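Student: I have a structure here, written as C-alpha cells, and I will follow up with some questions on it.
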Amino acid sequence: MLLPKFEFHEPETLKEAAAILSGIGEPTSILAGGTDLLVNMKKGKASPRHLVSLGRVRELKKTARDGESLRIGACVTVAELREEREIKDDFDGLFRGAGLLGSPLIRNLATVGGNIVTARPAADLPPPLIAYGATIELVKDNGERILSLEDFIKGPGETSIEPGEILSGIILREPPLYSGGGYVKLGMRKALEISLVNVATFFALDGPSGPIQKARVVLGSVGPTPIRSLRAEEILTGERPDEALFEKAGEAAANDAKPIDDFRASAEYRSEMVKLLTRKALKQAYEEAKLREWRRWK
C-alpha cells in the first residue's frame with residue numbers, strides 16, 4: 001500500500017522545525033521514528049499535507065545530566081535508551097519497559113517522544129515515566145512550557161499538545177538513595193505484543209528497610225490513560241515493604257483499574273492480572289532499592 005502525497009520538510013535545528021510548523025497552517029504531522037505514523041498513513045488513517053521530519057535535529061537525540069536531573073531528548077530511540085548506563089542504574093523500571101517494547105527492529109526506530117505523543121493506552125514507556133515523576137518540555141515558535149507527563153496524556157490518541165508544539169525532551173529527577181522502580185507487562189506472546197496489562201511502580205524508603213516515604217503505582221492498558229492507583233499508594237506509604245503489604249497494594253490497584261472486555265481479554269481477567277503484576281512490580285522496586293544502596297558502597 002502506497003503512502004498518500006505530502007510535502008516533506010527536513011529541518012536541522014529545533015528552532016527551524018518550530019518555525020516550519022508555525023508557518024504551514026495546514027494538516028501537518030511530525031515524523032520521528034515513524035513506527036506508528038507511517039503505518040497509519042499507509043492504512044489511510046492519517047493523511048497529512050505536510051510531514052516535518054525531526055531525524056536531522058541533533059539536539060533531540062541526546063541524553064544529558066543537568067544537576068540532579070536527567071534530560072532525555074525526544075528523538076532518542078528506545079534501543080539507545082537501553083544503552084544508557086544511568087537509565088539502567090537509576091531508572092530500572094524504565095529500562096525494563098524499554099526492553100519490552102516491540103522487537104529489536106522496532107526499538108531501533110521508535111523514539112521515546114513518539115511513544116508518548118501517540119498516547120496509546122497500552123504503550124510501554126508512559127507508565128514507568130509517570131512512576132518516576134517525569135516532566136516534559138514542549139517547544140513552539142514563540143516559547144516553551146514544561147508540564148508533568150501525567151497531565152499531558154488526556155485519552156487514547158489525545159494529549160494536551162498545542163498546534164505548532166514539539167515534544168523536545170523528557171526530564172527525570174535523580175531518585176533518592178533508598179528507592180527503586182519496577183515494570184511488568186503481560187501479553188499473549190513475548191515479542192511484538194500489545195499489553196493486556198502493564199504496571200509500573202516506584203517507591204522511596206526512609207532507610208535500607210523502610211518505611212516507605214513515597215510511592216507511585218501506575219497501571220497501563222486498563223483505562224483510557226495510564227492510571228495512578230492512589231489507593232495502592234496510600235496503603236504503601238508509611239509502611240515497611242514486605243510480601244503481605246505488596247499483596248494488599250495489588251488488591252487496591254485492581255480496585256482502581258478500569259479495564260474493559262475486548263477480543264484479547266475480559267475485564268475480569270485484566271483486573272486479576274493487575275493484582276499479580278502490581279505485586280511483581282513492587283518486588284522489583286524493592287530489589288532495586290536494595291541494589292542502589294549496594295552500588296553506593298561498592
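The values are calculated or read from the model by the stated rules, or taken from the named source; none is laboratory data. As the structure is a computational prediction, the values presented were derived from the model and not from experiment. FYI the Cβ positions are ideal-geometry reconstructions off the backbone, even for glycines, and counts take in every protein chain you see.
Student: Here are Leu172, Leu196: which of them is at pLDDT below 95, surrounded by 18 or more Cβ atoms within 10 Å (Cβ to Cβ) and either among the hydroxyl-bearing types (Ser, Thr, Tyr) or in contact with a Lys or Arg (Cβ under 9 Å, 6 or more places away or on another chain) (or both)? Step through it out loud before you land on a result.
Tutor: Details: Leu172 fails: at pLDDT below 95.
After applying the criteria, what remains is Leu196.
Student: Tally time: how many residues in segment 69-106 are in contact (Cβ under 8 Å) with a residue 60 or more places away in the chain and in a loop (DSSP other than H, G, I, E, B)?
Tutor: 5
Student: Which one of these is outside any helix (DSSP H, G or I), over 23 Å from the mean Cα position of the chain (by Cα) and touching a residue at least 12 places away in the same chain (Cβ under 8 Å): Glu239, Glu247?
Tutor: Values: Glu247 fails: outside any helix (DSSP H, G or I).
On inspection, the qualifying residue turns out to be Glu239.
Student: Could you please give the count of residues in segment 1-14 that are out of contact with any strand residue (DSSP E or B) (no Cβ under 7 Å at 6 or more places or on another chain) and more than 15 Å from Cys75 (Cα to Cα)?
Tutor: So the answer is 5.
Student: Output the residues belonging to segment 30-67 that are at pLDDT 90 or above and among the hydroxyl-bearing types (Ser, Thr, Tyr).
Tutor: Result: Ser53, Thr63.
Student: Which of (1) outside any strand (DSSP E or B); (2) closer than 30 Å to Ser266 by Cβ; (3) of a type in the set (A, V, I, L, M) is the odd one out, the single condition Leu177 does not satisfy?
Tutor: With respect to (1) outside any strand (DSSP E or B); (2) closer than 30 Å to Ser266 by Cβ; (3) of a type in the set (A, V, I, L, M), Leu177 is out only on (2).
Student: For residues that are at pLDDT 95 or above and assigned to a loop (DSSP other than H, G, I, E, B), tally how many sit in segment 124-155.
Tutor: So the answer is 5.
Student: Is segment 270-281 home to any residue that is surrounded by fewer than 20 Cβ atoms within 10 Å (Cβ to Cβ) and either assigned by TED's automatic domain parsing to the domain that holds Asp90 or closer than 15 Å to Ala131 by Cβ (or both)?
Tutor: Scanning segment 270-281, I find at least one residue that is surrounded by fewer than 20 Cβ atoms within 10 Å (Cβ to Cβ) and either assigned by TED's automatic domain parsing to the domain that holds Asp90 or closer than 15 Å to Ala131 by Cβ (or both), so the answer is yes.
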